[in-house]
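Student: Quick one: structure below, then a few questions.
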Amino acid sequence: MIRPFAAAVVFLTGSLVAAPSLWEEYFEFEKIPMPQGVDPQIGGLDFLTDGRLAAVFHRGEAMIFDPKSKEWSLFGNGLQEPLGVVAEEDGSLVVMQRAELTRLRDVDGDGRADRYETLSADFGLTGNYHEFAFGPARGVDGHYYIALNVASNGASMRREIRGEFSEIGQLNREQMTEGQDWGKSAGKAGRMYSRVPWRGWVLRVASDGSKTEPWASGFRSPDGIGFDAKGRLLITDNQGDWRPTSPLYSVKQGGFHGHPASLVWEAGWDGRDPLRVPVTELAKRHHLPAGFFPQGELANSPTQPIVAAEGSVPESIVGQTLIGEMNQPTLVRVLDDEVGGVHQTGLVHFLDRSPLGNGNHRLAYGPDGSLYVGKTALSWAGNNGITRVKWKGKAMPLVASIQALSNGFEIGFSEPMDGASLGGVVIKRHTYHYHAGYGSPKVGEEAVKVNGAELREPTRLVLDCGPLKEGFLHLVDLSAVRTVGGKGLLGGKVWYHVVKAPVVK
Amino acid sequence: MKFSTALFFLVNFGRLSAQAPDGALLFNQNCAACHQLDQMIVGPSLVEMRALYQDKPADFVKWAIAPQKKRPNAIEMPSMAHLGEPALLAIHGYIMKAAEGAKEKKAAAGDRFAGSPTQAVRPLVMRIFMPDAGPASIAVALDSRVSFCWDAGPCRLRYVWTGGFVDGYAYWRGNGHGLAKPLAPVRYTEASPLLGDVAARFRGYNLDPKGFPTFRYQLGALEVSESYLPLEKETGFTRKFTFAVPVTDALALTFPDVPEKAGVRSDAGSWSGKVLTLPAGTTSFTLTHVFP
């Protein structure tokens, strides 16, 4: 059944249909009581093998929550801006702090960490506030992966720094250092800068701390680091300079991921100021994002990826990646696709405008399949505390998959759809500027005519909209589409980044 | 203004709809992360912006296209040039309307978590940005009397103060865009590394059952541990250095002053002015620092 229709008419219809907030029918939301007197901004969450939850806090506490007794205990303290934690099998916690990756061990078994072991401090610090350190994510290889923020020209470097200073750039060390009239120099520092080693890089750290090695470059503010179900390393980054909107990277070992400041630390770098390298040269090397979160429409500050656990969501989406978001009241669900060996994704709202709210920073699954969401603001828009989200076990109407075709998309649904509602499908696309400016407008935005929409099976829709355009973010808007039972989709807009378009036969 | 208008025209040429931009939507998509109605978060509140830009839409647009650093304690706003003038005007309109009649909320007085039980623990070993030290510094409150800054970069004691620990609020509030402040004047400073200016590698620290720290590090080939315990009767501490293997050469430690004036004594070695010499073969020695 092919339904030709006029795209313009449907555009109007689509924009008038507001996605209903029906999440509470399928999920229950519970706020976890927080420890008295502790600043409840969460930097990291993970479950211990005994079923208790480990959390690290903005002001440096590492605390353990027992979901049975609902009580907190203090495991470690005095950590500096911890932004991630992994609980190891023996109960040790591996925590990313500003200055190092640290293992907290409880050797005497009294429930308090008594050894703080430095696994890696093999990276530089200028003392600039924006040099956050994210992770760790544990790979299937048993190594830890960490991601280092570049510094912001919102501030200078401090007089004392850790690590080698790179002379590459318009300002020398003295000019980069506190005590000058920074307002006059800031513009020459680069919006974000990497003047000490490995800022803007992902590093791989051996689990015994014996080795730290550079893994990938080109990052700006990579708050989200994790592995997907296939073992691919994912990183989310933030809109800003060289970031037209927040990207999702499927990280390539040795690859350059778009933000040039980090390149000065590349082996064999020729000493050029990355800001003076022609954009075309950078663009050529850029390992393109597998996905884009359109600013304002989907996410502004995406955070940690996690794999949706068995029993936590309907079977049709188990194993998909979920991503946190600080700014907007939503999570993001990732629909994986692969074209000619290139990992690319469709991104869709999840739990948007539900009682979950915003500030969603760190994610962990409890033994009962509950998703624990730790929140933070860190002086930006956000929230605090921890919310537990538990699936009620009931099926719900979802987009389960998206695949690029040579002349359109194939969409999979979690339940049978109503063919009569397919006239409401709208497709638009746009691209972005890749440039030193902060963010980018949508470029080349256009409506894409839907030539045909056909249910090949009750849950499988094929959309014919002609060849896809490489480098374009395609919005497939299914908001007006209904299930056989007349329900709208929970997350009806899919933003699919076409890095590689299937070959037209 | 000519330039930005032209820019906007180019940017929007291919857009789908010709309808007037929705100021509320644009605000929520592009500004709300940093600007709230009645309270400064990252940037000023809508109430304050209304006071600044009421009936001055052109000034507002000009600022949003080319913002500068204006407030010493705030970060500079990124340019919003990419939104274009009509969108910025719509945002201006929205802000003026949204803030009408609203009043600025008084900023919460001071630190809501100043009395946090986890911060009141003594001893407390806390990593935080400290003044006059490297960015990998550790602040240690040994007891209610003595605190010091130990720097995990060069792996050495930097300075000591007595009477109160630190106020870390400037650091926490600004995500590191501020330093912790010792609550009392510094009484002892080691301007240069006691064990010599050698490449250092920090290994971490242990806490004894009472929470007193032993820092572990490597100086060149030398594995060192440095343990701190408060004195019971006096204000001060002992500082015990242990080497994994006996040192092969004599060690000369230069202090900021002669021992009586620096308030230091040693259980080993011999003094000559400010210099304490420890013989080859030393595996351990303890310094006692007193602050009368």
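Student: What are the pairs, 6+ residues apart or on separate chains, where a residue within segment B:174-194 that is touching a residue at least 12 places away in the same chain (Cβ under 8 Å) has its Cβ under 6 Å from a residue that is outside any loop (DSSP other than H, G, I, E, B) and among the polar types (S, T, N, Q)?
Tutor: So the pair list comes out as B:Arg187/B:Thr162.
Student: Only one residue in A:Arg482, A:Arg460 is of a type in the set (Lys, Arg), at pLDDT 95 or above, closer than 16 Å to A:Ser401 by Cβ and more than 21 Å from the chain's Cα centre (by Cα), so which one is that?
Tutor: A:Arg460
Student: Something else now. Conditions: (1) within 11 Å of chain B (Cβ to nearest Cβ); (2) surrounded by fewer than 24 Cβ atoms within 10 Å (Cβ to Cβ); (3) under 27 Å from the mean Cα position of the chain (by Cα); (4) closer than 27 Å to B:Asn206 by Cβ. A:Asp108 meets all but one. Number of the miss?
Tutor: (3)
Student: Would you mind finding the one in A:Pro274, A:Pro278, A:Pro247 that is modelled with pLDDT of 95 or more and within 20 Å of A:Phe472 (Cα to Cα)?
Tutor: Details: A:Pro274 fails: within 20 Å of A:Phe472 (Cα to Cα); A:Pro278 fails: within 20 Å of A:Phe472 (Cα to Cα).
That would be A:Pro247, the only listed residue that is modelled with pLDDT of 95 or more and within 20 Å of A:Phe472 (Cα to Cα).
Student: Ok, one more. Working only within segment B:134-143, note down all residues that are buried (at least 24 other Cβ atoms within 10 Å of the Cβ) and within 7 Å of chain A (Cβ to nearest Cβ).
Tutor: B:Pro135, B:Ala136
Conditions (1) within 14 Å of chain B (Cβ to nearest Cβ); (2) touching a strand residue (DSSP E or B) at 6+ places or on another chain (Cβ under 9 Å); (3) under 25 Å from A:Leu93 (Cα atoms); (4) part of a helix (DSSP H, G or I), marked per residue:
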residue	(1), (2), (3), (4)
A:Asp208	yes, yes, yes, no
A:Pro222	no, yes, yes, no
A:Leu234	no, yes, yes, no
A:Arg272	no, no, no, no
A:Ala283	no, no, no, yes
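Student: I would also like to ask the following. Residues in segment A:138-151 that are surrounded by fewer than 24 Cβ atoms within 10 Å (Cβ to Cβ) and either facing chain B (nearest Cβ under 8 Å) or aliphatic (A, V, I, L, M) (or both): how many?
Tutor: Residues meeting the conditions: 1.
Student: Does B:Tyr53 meet the test of being among the aromatic types (Phe, Trp, Tyr), closer than 26 Å to A:Gly359 by Cβ and at pLDDT 90 or above?
Tutor: no
Student: In this structure, is A:Ser479 in a loop (DSSP other than H, G, I, E, B) and within 14 Å of chain B (Cβ to nearest Cβ)?
Tutor: When the stated conditions are applied, A:Ser479 does not pass them.
Student: Would you point out which residue out of B:Phe255, B:Phe212, B:Phe202, B:Phe241 is touching a helix residue (DSSP H, G or I) at 6+ places or on another chain (Cβ under 8 Å), surrounded by 18 or more Cβ atoms within 10 Å (Cβ to Cβ) and among the aromatic types (Phe, Trp, Tyr)?
Tutor: Selected residue: B:Phe255, the only one of B:Phe255, B:Phe212, B:Phe202, B:Phe241 that is touching a helix residue (DSSP H, G or I) at 6+ places or on another chain (Cβ under 8 Å), surrounded by 18 or more Cβ atoms within 10 Å (Cβ to Cβ) and among the aromatic types (Phe, Trp, Tyr).
Student: Also, quick follow-up: Considering (1) in the same structural domain as B:Asp38 (by TED's automatic domain parsing); (2) in contact with a Pro (Cβ under 6 Å, 6 or more places away or on another chain), say which one B:Ile65 fails and leave the rest.
Tutor: (2)
Student: Follow-up question, since we're still on this one. So, in segment A:165-206, exactly how many residues are within 12 Å of chain B (Cβ to nearest Cβ) and of a type in the set (D, E, K, R)?
Tutor: 4
Student: Among the residues of segment B:181-189, is any over 24 Å from B:Leu231 (Cβ atoms), assigned by TED's automatic domain parsing to the domain that holds B:Ser284 and within 11 Å of the chain's Cα centre (by Cα)?
Tutor: yes
Student: Among B:Val146, B:Val166, B:Val160, which is within 13 Å of chain A (Cβ to nearest Cβ) and in contact with a strand residue (DSSP E or B) (Cβ under 9 Å, 6 or more places away or on another chain)?
Tutor: Working: B:Val146 fails: within 13 Å of chain A (Cβ to nearest Cβ); B:Val160 fails: within 13 Å of chain A (Cβ to nearest Cβ).
Within the list B:Val146, B:Val166, B:Val160, the selection yields B:Val166.
Student: Another one. Would you mention how many residues in segment B:259-268 are of a type outside the set (Lys, Arg), exposed (fewer than 14 other Cβ atoms within 10 Å of the Cβ) and within 33 Å of the chain's Cα centre (by Cα)?
Tutor: 0
Student: For residues that are of a type in the set (Phe, Trp, Tyr) and either part of a loop (DSSP other than H, G, I, E, B) or touching a Ser or Thr at 6+ places or on another chain (Cβ under 8 Å) (or both), scanning just segment A:124-137, find the one that is farthest from the other protein chains (Cβ to nearest Cβ).
Tutor: Per the criteria, the residue is A:Phe132.
Student: Shifting gears a bit: Output the residues belonging to segment A:75-90 that are away from chain B (no Cβ under 12 Å) and in contact with a Phe, Trp or Tyr (Cβ under 9 Å, 6 or more places away or on another chain).
Tutor: Once the filter is applied, which keeps residues that are away from chain B (no Cβ under 12 Å) and in contact with a Phe, Trp or Tyr (Cβ under 9 Å, 6 or more places away or on another chain), segment A:75-90 yields A:Gly84, A:Val86, A:Ala87.
Student: Could you list all residues from segment B:265-292 that are among the polar types (S, T, N, Q) and either within 22 Å of B:Tyr159 (Cα to Cα) or in contact (Cβ under 8 Å) with a residue 24 or more places away in the chain (or both)?
Tutor: Within segment B:265-292, B:Ser266, B:Thr277, B:Thr282, B:Thr283, B:Ser284, B:Thr286, B:Thr288 qualify.
Student: Considering segment A:36-74 alone, what residues qualify as being within 14 Å of chain B (Cβ to nearest Cβ), in a loop (DSSP other than H, G, I, E, B) and farther than 24 Å from A:Asp108 by Cα?
Tutor: Residues satisfying the conditions are A:Gln36, A:Gly37, A:Val38, A:Asp39, A:Pro40, A:Gln41, A:His58, A:Arg59.
Student: For residues in segment A:441-457 being among the small types (Gly, Ala, Ser) and within 14 Å of chain B (Cβ to nearest Cβ), which is nearest to A:Leu475 (Cα to Cα)?
Tutor: Only one residue tops the list, namely A:Ala447.
Student: Does B:Lys181 fit the bill of being under 30 Å from B:Glu76 (Cβ atoms), surrounded by fewer than 17 Cβ atoms within 10 Å (Cβ to Cβ) and more than 9 Å from chain A (Cβ to nearest Cβ)?
Tutor: Considered against the rule, which asks whether it is under 30 Å from B:Glu76 (Cβ atoms), surrounded by fewer than 17 Cβ atoms within 10 Å (Cβ to Cβ) and more than 9 Å from chain A (Cβ to nearest Cβ), B:Lys181 comes out as yes.
Student: Next up: In the set B:Leu89, B:Leu46, which member is buried (at least 16 other Cβ atoms within 10 Å of the Cβ), of a type in the set (A, V, I, L, M, F, W, C), in contact with a strand residue (DSSP E or B) (Cβ under 7 Å, 6 or more places away or on another chain) and over 24 Å from A:Asn153 (Cα atoms)?
Tutor: So the residue among B:Leu89, B:Leu46 that is buried (at least 16 other Cβ atoms within 10 Å of the Cβ), of a type in the set (A, V, I, L, M, F, W, C), in contact with a strand residue (DSSP E or B) (Cβ under 7 Å, 6 or more places away or on another chain) and over 24 Å from A:Asn153 (Cα atoms) is B:Leu46.
Student: What number of residues in segment B:62-84 are under 24 Å from A:Asn238 (Cα atoms) and assigned to a helix (DSSP H, G or I)?
Tutor: Number of matching residues: 6.
Student: Go through (1) within 25 Å of A:Lys211 (Cβ to Cβ); (2) surrounded by fewer than 21 Cβ atoms within 10 Å (Cβ to Cβ) and name the single condition A:Met63 misses.
Tutor: So the condition that A:Met63 fails would be (1).
Student: Starting from residues that are more than 14 Å from every other protein chain (Cβ to nearest Cβ) and among the hydroxyl-bearing types (Ser, Thr, Tyr), keep the ones in segment A:357-390 and report whichever is nearest to A:Gly311 (Cα to Cα).
Tutor: Within segment A:357-390, the match that is nearest to A:Gly311 (Cα to Cα) is A:Ser370.
Student: Right, another one. Could you check, for segment A:112-123, whether at least one of its residues is crowded, with 23+ Cβ neighbours inside 10 Å, more than 14 Å from chain B (Cβ to nearest Cβ) and assigned to a loop (DSSP other than H, G, I, E, B)?
Tutor: No, because not a single residue in segment A:112-123 is crowded, with 23+ Cβ neighbours inside 10 Å, more than 14 Å from chain B (Cβ to nearest Cβ) and assigned to a loop (DSSP other than H, G, I, E, B).
Student: Has segment B:110-122 got any residue that is modelled with pLDDT of 95 or more and closer than 24 Å to B:Val224 by Cα?
Tutor: no
Student: Those residues that are in a loop (DSSP other than H, G, I, E, B) and without any contact (Cβ under 8 Å) to a residue 40 or more places away in the chain, I need them from segment B:198-212; list them, please. Quick ask: steps written out before the conclusion?
Tutor: We begin by selecting, within segment B:198-212, every residue in a loop (DSSP other than H, G, I, E, B); these are B:198-199, B:208-212.
Residues satisfying the conditions are B:Val198, B:Ala199, B:Asp208, B:Pro209.
The values are calculated or read from the model by the stated rules, or taken from the named source; none is laboratory data. Quick caveat, the model's predicted, so the values are computed rather than measured. Quick reminder, even Gly has a Cβ in these numbers, built from the backbone with ideal geometry, and neighbours come from all protein chains shown.
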